[in-house]
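Take a look at the structure below.
The values are calculated or read from the model by the stated rules, or taken from the named source; none is laboratory data. No experiment lies behind these values; they were computed from the predicted model shown. All Cβ positions, even for glycine, are placed from backbone atoms using ideal geometry, and neighbour counts span all protein chains on display.
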Amino acid sequence: MIERIPPQNIDAEKSTLGSMLLEKEAIFTATEILKPDDFYREAHRLIFQAVSALSGRGEPVDLVTVAEELRQRNLLEQVGGASYLASLANCVPTAANVEHYDKIVEEKSVL
């Protein structure tokens with residue numbers, strides 16, 4: 001039997017997370033539209049949860065704080081390490097389009 005792969009857009013997931021690492025407003029936009037289960041990749045769910053937790057506590061969100069949050073949860077290596085977080089921030093030139101990325105992720109999660 002052939003296993004079906006659910007609809008997904010990994011580039012949109014990366015762009016959403018990268019935007020959240022770059023811009024505080026992107027965090028608010030993303031958390032209003034998305035929930036962790038909207039992400040196809042488990043690593044992306046975990047990163048989204050870490051960013052959301054930091055933001056919810058009123059703490060700064062950047063590569064260092066997110067990496068530390070994941071490290072404290074013993075999840076940093078599971079998500080690909082600090083280098084993967086850096087690659088997310090580098091994959092998006094601006095956070096201005098975060099709402100569009102968020103809607104793509106959300107749309108794919110409900111298909």
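Name every residue in the stretch 62-80 that is in a helix (DSSP H, G or I) and touching a helix residue (DSSP H, G or I) at 6+ places or on another chain (Cβ under 8 Å), in order of residue number. Listed by number, the residues that qualify are LEU63, THR65, VAL66, ALA67, GLU69, LEU70. Listed conditions (1) within 24 Å of SER83 (Cβ to Cβ); (2) among the hydroxyl-bearing types (Ser, Thr, Tyr); (3) part of a helix (DSSP H, G or I) are all met by THR31, apart from (1). Out of (1) outside any helix (DSSP H, G or I); (2) more than 12 Å from GLY18 (Cβ to Cβ), what's the single condition that is false for VAL92? Result: VAL92 fails condition (2) only. Going residue by residue through the stretch 10-17, is there one that turns out to be assigned to a loop (DSSP other than H, G, I, E, B), modelled with pLDDT of 95 or more and either in contact with a strand residue (DSSP E or B) (Cβ under 6 Å, 6 or more places away or on another chain) or under 20 Å from ASN97 (Cα atoms) (or both)? No - not one qualifying residue is present in the stretch 10-17. What are the pairs with Cβ atoms under 7 angstrom where one residue, in the stretch 98-109, is under 18 Å from LEU22 (Cβ atoms) and the other, located anywhere, is aromatic (Phe, Trp, Tyr)? Sequence gap at least six, or different chains. Between residues of the stretch 98-109 that are under 18 Å from LEU22 (Cβ atoms) and residues that are aromatic (Phe, Trp, Tyr), the close pairs are VAL105/PHE39. Evaluated against (1) part of a helix (DSSP H, G or I); (2) surrounded by fewer than 20 Cβ atoms within 10 Å (Cβ to Cβ); (3) not small (Gly, Ala, Ser), GLU59 falls short on exactly one condition, (1).
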